[in-house]
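A short write-up of the structure that comes next.
The values are calculated or read from the model by the stated rules, or taken from the named source; none is laboratory data. Here the structure is a predicted model, which is why all the values come from computation and not from measurement. Virtual Cβ from ideal backbone geometry, glycine too; neighbours counted across all protein chains shown. Accessible surface is based on the protein model in full, side chains and every heavy atom, while ligands, DNA and RNA are left aside. Shrake-Rupley method; radii C 1.70, N 1.55, O 1.52, S 1.80 Å.
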Amino acid sequence: MQQRVSHTADEADTPDLRLRVLLPNGGQFEPPAAVGYRVMELLRFSGVPIKAECGGACVCSTCHVRIPGAWRDLLPPPSDEELAKLDEIPTADESSRLACQLVMTEELDGLEVEVQPDSIILQSNWMAG
Ligand code: FES
């Protein structure tokens, strides 16, 4: 399935959805989102220093997030490629996903995403508690 991928905030459609982002430092905020955008892109647009080293190619495992509770049922299941990468993350569990593989839909308005410490650039103060 072809997914629309954008590369700058200027290319974003009018944001009409929201993410709910929980940070490793305990902070949370609700950045704008739009249909067709990957969660990893939306985190970057909103200033979260997520590593995402491969830029969304599903080869680096550095965009690890957890999806709480019922939100998991609204997401498409991970592909075999995503599952293989999740297996490489020692702290991953059944709530783990790769943010670059999650594409916003209208049904996901308000999606809660817990950014994991292993996916934040270390120099960042977003890690501090
Ligand atoms: Fe590399 Fe998601 S950005 S796996």
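A Cβ distance below 9 Å, combined with a sequence gap of six or more or placement on separate chains, defines the contacts here; from region 83-103, residues that are of a type in the set (Gly, Ala, Ser) and within 10 Å of the ligand (Cβ to nearest atom) reach residues that are open to solvent by less than 80 Å² (accessible area, probe 1.4 Å) and assigned to a strand (DSSP E or B) in the pairs ALA99/ARG38; ALA99/ILE50; ALA99/HIS64; ALA99/VAL65; ALA99/VAL113; ALA99/VAL115. Beta carbons closer than 9 Å, at least 6 apart along the sequence or on distinct chains, pair a first residue in region 23-45 that is over 13 Å from GLU106 (Cα atoms) and in a loop (DSSP other than H, G, I, E, B) with a second that is among the acidic types (Asp, Glu) and at pLDDT 95 or above for LEU23/GLU114; PRO24/GLU114.
In this structure, does ARG18 turn out to be open to solvent by 50 Å² or more (accessible area, probe 1.4 Å), in contact (Cβ under 8 Å) with a residue 60 or more places away in the chain and not hydrophobic (A, V, I, L, M, F, W, C)? It is true that ARG18 is open to solvent by 50 Å² or more (accessible area, probe 1.4 Å), in contact (Cβ under 8 Å) with a residue 60 or more places away in the chain and not hydrophobic (A, V, I, L, M, F, W, C). Filtering region 76-99 to residues that are within 12 Å of VAL113 (Cα to Cα) and hydrophobic (A, V, I, L, M, F, W, C) leaves LEU98, ALA99.
Inside region 31-76, residues that are out of contact with any Leu (no Cβ under 9 Å at 6 or more places or on another chain) and more than 16 Å from the ligand (Cβ to nearest atom) make up a count of 6.
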